[in-house]
Amino acid sequence: MIWGYPVHINSMRTKGSSMAIELTRLGECAVITIQRKEALNALNYGMLRSINQMLDDVQASDARCLIFYGAGGKAFCAGADISELLDRTVPEEYAGTRLGQSVFSRIESFMLPSIAVVDGYALGGGCELALACTFRLGTANARFGLPEVKLGLVPGYGGTQRLPRLIGVGAALEMLMTGRFVAAEEALRIGLLHKLIDADDPLQHAVAFARTFNHHSLLTLRLVRDAALRGTAVPLHEGLSIEADLSTVSMRSEDGQEGIQAFLAKRTPQFRDR
Ligand code: CAA
């Protein structure tokens, strides 16, 4: 399936006359590209809603992986659109934060694994988008940060929760409280990045990375991801209970039975994602 449709959103409150989020197809991957070069791909509320709509389209497709990319070569995404955060009531600010959280949480638990391809800045909401993805690949140019503290703000799209779970509370607090940017090599070392990729054609590198897992059953990939992610939020005995449930589901699934039969018959399994 090819979408290739750009969604253009106009906003009176945002610098620049138009901005775009584009959904396209590259091999077996759906690609959501943020294209708002003039504001370093900062996300406004309209763009968040567009991403949410695109997830419906991706869900109805036969894509096997979802890639997020920031066009322009300078930024993956420089965060929430700061110009939208002024002069709003507390309920409006709260609703905006909840909108970003819900879209990013949907990405985290989406039926397809996701990859953030970071070439340039991933700051604030941009870093939080990358944190919500299953995998993060970055060029040598990648820079991660949660600089909200410099604006007198607390991150609102999941950064204070997902970053400590990913890199540990100590390292996360240092990033959150200084607002400093972490370059690619350090991001790789502390587990923020999974892999460094060449800047020549980052999307092709991401598609190649997706091929390392996208021949597995999508059902199994989702179950194993759920077990690991849900387990980080509960005590060990509850995590083991989640694992027992999901492991049992996998063994009784069509793909689980197929995988076992294929192993015993010394043939390649034919998974059907159920
Ligand atoms: N929102 C709106 N516009 C932004 C933006 C953002 N998050 N980040 C950059 N821009 C705009 C700039 O205002 C500038 O626009 P003009 O050319 O019209 O002045 C344009 O993008 C280019 O930016 P700079 O001139 O600042 O570029 P630079 O190379 O000098 O600096 C940067 C790059 C270090 C990334 C700097 O732009 C920066 O610090 N951006 C803000 C990063 C930030 O604080 N992000 C957190 C946002 S709040 C948030 O995300 C809350 C949350 O948790 C949801």
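When you go through D273, D226 one by one, which is the residue that is surrounded by 14 or more Cβ atoms within 10 Å (Cβ to Cβ) and over 30 Å from L176 (Cα atoms)?
Exactly one residue qualifies, and that residue is D273.
Among the residues of segment 101-151, how many are more than 14 Å from the ligand (Cβ to nearest atom) and on the phi > 0 side of the Ramachandran plot?
So the count comes out to 0.
Pairs please, first residue from segment 76-97 and in contact (Cβ under 8 Å) with a residue 40 or more places away in the chain and among the acidic types (D, E), second anywhere and open to solvent by 50 Å² or more (accessible area, probe 1.4 Å) and within 11 Å of the ligand (Cβ to nearest atom), Cβ atoms under 8 Å, 6+ apart in sequence or on different chains.
What qualifies is E84/R13.
Given the structure, is A95 out of contact with any strand residue (DSSP E or B) (no Cβ under 6 Å at 6 or more places or on another chain), outside any helix (DSSP H, G or I) and either away from the ligand (no atom under 12 Å from the Cβ) or at pLDDT below 95 (or both)? So that I can check it myself, show each step before the final result.
Details: out of contact with any strand residue (DSSP E or B) (no Cβ under 6 Å at 6 or more places or on another chain): yes; outside any helix (DSSP H, G or I): no; either away from the ligand (no atom under 12 Å from the Cβ) or at pLDDT below 95 (or both): yes.
So A95 fails the test.
Can you tell which of L48, L40 is in contact (Cβ under 8 Å) with a residue 12 or more places away in the chain and touching a Phe, Trp or Tyr at 6+ places or on another chain (Cβ under 7 Å)? First the steps, then the outcome.
On the way: L48 fails: touching a Phe, Trp or Tyr at 6+ places or on another chain (Cβ under 7 Å).
Selected residue: L40, the only one of L48, L40 that is in contact (Cβ under 8 Å) with a residue 12 or more places away in the chain and touching a Phe, Trp or Tyr at 6+ places or on another chain (Cβ under 7 Å).
The values are calculated or read from the model by the stated rules, or taken from the named source; none is laboratory data. Since the structure is predicted, the reported quantities are computational estimates derived from the model, not experimental observations. We place every Cβ from the backbone using ideal geometry, glycine too, and count neighbours over all the protein chains shown. When the accessible area is computed, the model is the full protein with side chains, heavy atoms only, and any ligands, DNA or RNA have been set aside. Shrake-Rupley method; radii C 1.70, N 1.55, O 1.52, S 1.80 Å.
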